[in-house]
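Peer 1: Pasting in a structure now, in structure tokens, and then I'll have a few things to ask.
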């Protein structure tokens, strides 16, 4: 696959024109990594993004103090990319990346990226439009209420048949249904064995071995199976929806915590600056107080 075609498939660059994609692809540099070789480590200064031309990489957090296992964030394969934020800032890397197998990467540096955007106004506008769209999606995610009762929403939209299937599944898994079947079987046997004898009937309605009753039970079991499966599938859907809601809640909380940490960090830096200014002012006042006041007269003064 041509580098320009691979670049055009990435969400960050899919709005570029063919000319811009080819021009930007010409600035890509191929870099090879052996299996288990680090591409970069957490804390390294970021200056380029990478596109996987072949192979696979793993993004992870190094083991924290007191632990021996890394935290795996994501596994990426051919056609995927990572490190794109370093094209827009010079912040340290937030995670480490290791080649899982022999891997060939395409590197795009911030200098080449910025130089191309400076030469092509259409490319700059396309990239800005893509970043603005991502910002809108993030704002929409933060603006909406993530926590909601998805189970209640699903149950409110159930059809009559689906509600019946849930009731049947609920009834089948209870002692009431077991006792009902036992009582029905005992009653059926009494009606077809002892009652005809007491009434001196020639032939009971369903004589032993109760073929009609066995047919009834077979039909009952045949109907119960699909209804129970329908209810189980719906329960799986509820669990999946609940898991997605939990993920959105956790993601929103994580973003909120990160924002709070940044604000606390900025507040701490500002407080430290103000404390430094106050400390320097206090030190200056102490130095001035320690200097003895000049007395009238002296070596050059009148005797």
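Peer 1: Which of the residues that make up the stretch 203-213 are assigned to a helix (DSSP H, G or I) and out of contact with any helix residue (DSSP H, G or I) (no Cβ under 7 Å at 6 or more places or on another chain)?
Peer 2: 211, 212
Peer 1: Yes or no: residue 19 out of contact with any helix residue (DSSP H, G or I) (no Cβ under 7 Å at 6 or more places or on another chain) and more than 27 Å from residue 132 (Cα to Cα)? Working first, answer last.
Peer 2: Details: out of contact with any helix residue (DSSP H, G or I) (no Cβ under 7 Å at 6 or more places or on another chain): yes; more than 27 Å from residue 132 (Cα to Cα): no.
Judged against the criteria, residue 19 is not a match.
Peer 1: Condition check: within 20 Å of the chain's Cα centre (by Cα) and farther than 30 Å from residue 153 by Cα. Does residue 259 satisfy that? Can you show your working first?
Peer 2: Numbers: within 20 Å of the chain's Cα centre (by Cα): yes; farther than 30 Å from residue 153 by Cα: yes.
Against the criterion (within 20 Å of the chain's Cα centre (by Cα) and farther than 30 Å from residue 153 by Cα), residue 259 qualifies.
Peer 1: As an exercise: evaluate residue 124 against (1) farther than 14 Å from residue 40 by Cα; (2) not in a helix (DSSP H, G or I) and give the number of the one condition it does not meet.
Peer 2: Unmet for residue 124, out of (1) farther than 14 Å from residue 40 by Cα; (2) not in a helix (DSSP H, G or I): (2).
Peer 1: Looking for something in the same structural domain as residue 109 (by TED's automatic domain parsing), touching a helix residue (DSSP H, G or I) at 6+ places or on another chain (Cβ under 6 Å), surrounded by 13 or more Cβ atoms within 10 Å (Cβ to Cβ) and not in a helix (DSSP H, G or I) - is there at least one such residue anywhere in the stretch 51-68?
Peer 2: Within the stretch 51-68, the first condition is being in the same structural domain as residue 109 (by TED's automatic domain parsing), and the residues that meet it are 51-68.
Narrowing further to those that are touching a helix residue (DSSP H, G or I) at 6+ places or on another chain (Cβ under 6 Å): none.
No, the stretch 51-68 contains no residue that is in the same structural domain as residue 109 (by TED's automatic domain parsing), touching a helix residue (DSSP H, G or I) at 6+ places or on another chain (Cβ under 6 Å), surrounded by 13 or more Cβ atoms within 10 Å (Cβ to Cβ) and not in a helix (DSSP H, G or I).
Peer 1: Please specify each residue of the stretch 79-112 satisfying the condition of being closer than 28 Å to residue 258 by Cα and out of contact with any strand residue (DSSP E or B) (no Cβ under 7 Å at 6 or more places or on another chain).
Peer 2: 85, 88, 89, 91, 94
Peer 1: Looking at 194, 267, 216 in this structure, which one is in a helix (DSSP H, G or I) and at pLDDT below 80?
Peer 2: The conditions single out 194.
Peer 1: Which one is surrounded by the fewest Cβ atoms within 10 Å (Cβ to Cβ) among residues in the stretch 151-202 that are in contact with a helix residue (DSSP H, G or I) (Cβ under 6 Å, 6 or more places away or on another chain) and farther than 18 Å from residue 230 by Cα?
Peer 2: Applying the filter and picking the extreme gives 177.
Peer 1: Right, another one. What number of residues within the stretch 73-112 are in contact with a helix residue (DSSP H, G or I) (Cβ under 6 Å, 6 or more places away or on another chain) and either in a strand (DSSP E or B) or modelled with pLDDT under 85 (or both)?
Peer 2: Residues flagged as in contact with a helix residue (DSSP H, G or I) (Cβ under 6 Å, 6 or more places away or on another chain) and either in a strand (DSSP E or B) or modelled with pLDDT under 85 (or both) within the stretch 73-112 amount to 1.
Peer 1: Something else about it: Among the numbered conditions (1) in a helix (DSSP H, G or I); (2) at pLDDT 80 or above, tell me where residue 140 comes up short.
Peer 2: It fails just one condition, (2).
Peer 1: Name the residue, out of 221, 249, that is under 27 Å from residue 152 (Cα atoms), within 43 Å of the chain's Cα centre (by Cα) and part of a helix (DSSP H, G or I). Give the derivation first.
Peer 2: On the way: 221 fails: under 27 Å from residue 152 (Cα atoms).
Just one listed residue meets the conditions, 249.
Peer 1: Could you run through the stretch 20-34 and say how many residues are over 23 Å from residue 99 (Cα atoms), touching a residue at least 24 places away in the same chain (Cβ under 8 Å) and over 31 Å from the mean Cα position of the chain (by Cα)?
Peer 2: Residues meeting the conditions: 2.
Peer 1: Looking for something part of a loop (DSSP other than H, G, I, E, B), modelled with pLDDT under 85 and out of contact with any strand residue (DSSP E or B) (no Cβ under 8 Å at 6 or more places or on another chain) - is there at least one such residue anywhere in the stretch 18-27?
Peer 2: No, because not a single residue in the stretch 18-27 is part of a loop (DSSP other than H, G, I, E, B), modelled with pLDDT under 85 and out of contact with any strand residue (DSSP E or B) (no Cβ under 8 Å at 6 or more places or on another chain).
The values are calculated or read from the model by the stated rules, or taken from the named source; none is laboratory data. Computed from a predicted model, the values in this text were never measured in an experiment. A quick note on method: Cβ atoms are made from the backbone with ideal geometry, for glycine too, and the neighbour counts reach across all protein chains shown.
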